[in-house]
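The values are calculated or read from the model by the stated rules, or taken from the named source; none is laboratory data. Since this is a predicted model, take the numbers as computed values, not measurements. Neighbour counts run over all protein chains shown; Cβ positions are idealised from the backbone, glycine included.
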Amino acid sequence: MEQLEKVYELSLLYDFYGNLLSERKKQIFNDYILNDLSLAEVAENEGISRQGVHDAVKNCEKSLEMYEEALHLAQKYKTASKICDEIEEIAKNIGGPQGDRIAELIKEIRKNGI
């Protein structure tokens, strides 16, 4: 389970900061972390050693974590998402037109950025 959580966290960071990585690093990260290819498969695709892939992935992880440490976008996203979940639950309990309107607004918020 720990590995799955790490992949989730890395993919979330990648969603926010992936475009800040070089194209080559993005490709390596995508193949190894998101597409679940082995080091050997990525190395063959990229024409580098498995150690080179490993080093590139670790470098990407550090870069993504550094961006998050500076900007906190992923943490803000998680917090906002939890708040939206809570508001949705309250809207269900309210019911009626007001509850329906609140639920619609939360759907709109999620559609446009959360």
List the number of the failed condition for residue 47; all other conditions in (1) outside the structural domain of residue 7 (by TED's automatic domain parsing); (2) over 25 Å from residue 6 (Cα atoms); (3) not β-branched (Val, Ile, Thr) hold.
(1)
Residue 102: passes all of (1) among the β-branched types (Val, Ile, Thr); (2) farther than 20 Å from residue 13 by Cβ; (3) in contact with a Leu (Cβ under 6 Å, 6 or more places away or on another chain) but (3)
Hey, any hits in segment 22-41 for a residue that's polar (S, T, N, Q), in contact with a Lys or Arg (Cβ under 9 Å, 6 or more places away or on another chain) and not in a helix (DSSP H, G or I)?
yes
Scanning segment 50-74 for residues that are surrounded by 13 or more Cβ atoms within 10 Å (Cβ to Cβ) and farther than 13 Å from residue 17 by Cα gives 50, 52, 53, 54, 55, 56, 57, 59
Qualifying positions in segment 78-93 - of a type in the set (A, V, I, L, M) and loosely packed, with under 14 Cβ neighbours inside 10 Å
83, 90
Any residue in segment 32-42 that is under 25 Å from residue 114 (Cα atoms) and in contact (Cβ under 8 Å) with a residue 60 or more places away in the chain?
no
I'm trying to understand the selection: among the residues of segment 95-112, which are surrounded by 14 or more Cβ atoms within 10 Å (Cβ to Cβ) and more than 27 Å from the chain's Cα centre (by Cα)?
99
Could you check segment 47-99 and list, in sequence order, the residues that are modelled with pLDDT of 95 or more and of a type in the set (Phe, Trp, Tyr)?
67
Can you tell me how many residues within segment 41-87 are on the phi > 0 side of the Ramachandran plot and over 21 Å from the mean Cα position of the chain (by Cα)?
1
Out of the residues in segment 16-34 that are modelled with pLDDT of 95 or more and either over 20 Å from residue 50 (Cα atoms) or among the hydrophobic types (A, V, I, L, M, F, W, C) (or both), which is farthest from the chain's Cα centre (by Cα)?
28
